[in-house]
Amino acid sequence: MGIGMQIVYVGFPGAARIEAEAGVQLLRLMRFAARVSHCHLAIEAMRGPNGLYYDARLDIVTPEKQFIPLPHCADKDPEAAVRAAFDYAERELTHRGSDFARRGV
């Protein structure tokens with residue numbers, strides 16, 4: 001069984017290329033499928049002093065319904081923000097996996 005994903009765009013209509021990038025990045029998390037049931041990806045267009053940028057936040061939900069919010073990742077390129085969010089998720093899940101291994105879970 002795979003990992004489900006919900007994508008929400010805030011402040012802009014989204015784009016097929018962003019959704020495709022999110023799908024590619026989700027494949028990286030498939031090795032954690034036993035510990036992740038689905039995730040929520042929110043991408044928000046924001047204006048700052050240096051112009052438009054995109055804030056991406058990935059929240060993970062475990063099979064036990066534990067909600068794991070991850071930090072926001074921002075970039076002028078929405079696809080780069082999405083990649084950064086999944087980079088963080090992969091590091092977090094790898095770290096949590098080593099904690100589980102040490103505890104014998």
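The values are calculated or read from the model by the stated rules, or taken from the named source; none is laboratory data. Please read these numbers as outputs of a predicted model, since none were measured by experiment. Quick reminder, even Gly has a Cβ in these numbers, built from the backbone with ideal geometry, and neighbours come from all protein chains shown.
A quick yes/no check of all residues on (1) of a type in the set (A, V, I, L, M, F, W, C); (2) touching a helix residue (DSSP H, G or I) at 6+ places or on another chain (Cβ under 7 Å); (3) at positive phi:
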position: 28; (1), (2), (3): no, yes, no
position: 45; (1), (2), (3): yes, no, no
position: 73; (1), (2), (3): yes, yes, no
position: 91; (1), (2), (3): no, no, no
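To keep it simple, each residue is scored yes or no on (1) at pLDDT 95 or above; (2) closer than 15 Å to residue 9 by Cβ; (3) within 11 Å of the chain's Cα centre (by Cα).
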residue	(1), (2), (3)
52	yes, yes, no
76	yes, no, no
88	yes, no, yes
94	no, no, no
101	no, no, no
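Test residue 59 against the criterion of being in contact (Cβ under 8 Å) with a residue 12 or more places away in the chain, surrounded by 11 or more Cβ atoms within 10 Å (Cβ to Cβ), under 19 Å from residue 2 (Cα atoms) and of a type in the set (D, E, K, R), and give yes or no.
Spelling it out, residue 59 is indeed in contact (Cβ under 8 Å) with a residue 12 or more places away in the chain, surrounded by 11 or more Cβ atoms within 10 Å (Cβ to Cβ), under 19 Å from residue 2 (Cα atoms) and of a type in the set (D, E, K, R).
Exactly one of (1) over 24 Å from residue 96 (Cβ atoms); (2) modelled with pLDDT under 95; (3) among the hydrophobic types (A, V, I, L, M, F, W, C) is unmet by residue 3. Its number?
With respect to (1) over 24 Å from residue 96 (Cβ atoms); (2) modelled with pLDDT under 95; (3) among the hydrophobic types (A, V, I, L, M, F, W, C), residue 3 is out only on (1).
Small (Gly, Ala, Ser), under 22 Å from residue 97 (Cα atoms) and touching a His at 6+ places or on another chain (Cβ under 8 Å) - does that describe any residue in region 29-39?
no
Which of the residues belonging to region 26-64 are part of a strand (DSSP E or B) and of a type in the set (Asp, Glu)?
44, 55, 59
How about region 13-25: which of its residues are surrounded by 14 or more Cβ atoms within 10 Å (Cβ to Cβ) and either modelled with pLDDT of 95 or more or assigned to a helix (DSSP H, G or I) (or both)?
18, 19, 21, 22, 25
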